[in-house]
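Coordinate-derived values only; no laboratory data. Fair warning: this is a prediction, and the values are worked out from it, not measured in the lab. Positions of Cβ are generated from backbone atoms using ideal geometry, with glycine treated the same way; all protein chains shown enter the neighbour counts.
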Amino acid sequence: MTEGLAVETLLPFGSRTAGDRTRVYGFPHAGGEHSAYGRFALELAPEFDFQPVRLPRGGMLPDGRASDDPRALVPALGAALSGELRPPYVLFGHSMGAVLAAELTAWLECQALAGPELLIVSACAGGQAGWVRPTEIERDDGALTQWVLGLGGTDPALLADMEMRSLVLDGLRHDLRLLHAYRPTYRRLTTPVLALGGVRDPRVRETDLGRWQERTTAAFRLRMFPGGHFYLYEHARAIAGEISRMLTAARAAQPGEPQERR
């Protein structure tokens with residue numbers, strides 16, 4: 001039997017007790033680490049137990065396939081996490097993380113396993129196959145560094161250190177290769193979707209986020225916030241309110257009753 005991913009590695013803070021709070025599993029943006037969600041998790045803590053997911057990067061999965069291949073990564077994540085994903089729970093992904101969260105939701109539905117009550121997709125366009133393509137800037141450290149800084153959300157001091165910059169750029173290139181290879185494996189989910197974005201995001205417009213409505217047969221809600229691509233760190237409390245409202249509506253809906261799409 002092939003050894004799978006270690007859930008203790010994927011969920012570095014998994015020993016915490018959620019209590020009565022709904023657990024939210026968060027997938028990071030391209031090049032981002034689970035630690036990027038630290039403050040965000042604290043601000044959601046009164047209502048939600050936010051568990052950041054640490055992604056395997058820079059090598060091979062236990063079955064020998066590349067960790068930057070989404071067709072291999074998502075099933076490996078699903079197999080490792082399925083025992084931990086006990087309802088009620090929510091999947092959350094920011095930018096690249098939204099791609100992984102959506103694909104994991106589709107994998108769970110396909111496997112007839114207990115899926116999330118809600119899928120939250122942040123700063124990610126919906127319904128576009130191969131929406132990220134290789135660019136020349138990825139080959140040049142200086143150009144890629146400027147691209148990252150232009151999106152915001154990354155401390156310039158971190159990239160000023162040559163060793164740290166190398167680690168950050170290596171992780172980012174790994175994740176960009178994953179996005180280059182990505183093609184959706186599903187047409188529509190049966191899970192409610194909450195799409196979130198920043199009004200000044202240079203990469204993802206409101207209309208791009210709105211296309212997530214085409215990717216689910218369940219309830220859909222779109223909410224925009226002031227800010228750019230990393231708007232979420234400034235609006236954690238408001239985001240918690242949006243999650244609460246949508247979960248309340250989903251739980252109040254009768255089985256088989258269509259939910260309002262807004």
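Tabulated results
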read-out	value
Order by protection proxy (mean Cβ within 10 Å, highest first), peptides 189-202, 46-59	189-202, 46-59
For P87, net neighbour charge (Lys/Arg +1, Asp/Glu -1) across residues whose Cβ lies under 10 Å away	+1
Theoretical ellipticity at 222 nm over the chain - DSSP helices of four or more residues, -39500 (n - 2.57) apiece, nearest 500	-11000 deg cm²/dmol
Nearest-20 debye value, segment 1-128 charge dipole, Cβ charges on Lys, Arg, Asp, Glu	120 debye
Helix 141-151 vs. the chain, principal-axis angle (Cα, 0 to 90°, nearest 10)	30 degrees
Sorted peptide list for 155-161, 100-106, criterion being average Cβ within 10 angstrom, highest first	100-106, 155-161
Burial ordering of S244, S122, S67, fewest other beta-carbon atoms within 10 Å first	S244, S67, S122
Student exercise, the chain dipole from Lys, Arg, Asp, Glu Cβ charges, in Debye to nearest 20	760 debye
Degrees between helix 70-81 axis and first principal axis of the chain (Cα, 0 to 90, nearest 10)	60 degrees
Residue with peak Gaussian network fluctuation, the chain [Cα springs, cutoff 10 Å], from R39, R71, R251	R251
For L151, net neighbour charge (Lys/Arg +1, Asp/Glu -1) across residues whose Cβ lies under 12 Å away	+1
Local electrostatic count at E206 - Lys and Arg +1, Asp and Glu -1, tallied over other residues with Cβ under 12 Å	+2
Global geometry of segment 1-119, whether rounded, prolate or oblate, following the gyration tensor of its Cα atoms and the 1.5 cut on a/c	prolate
Burial ordering of W147, W107, fewest other beta-carbon atoms within 10 Å first	W147, W107
Order of M60, M162, M96 - criterion: other Cβ atoms within 10 Å of each residue's Cβ, fewest first	M162, M60, M96
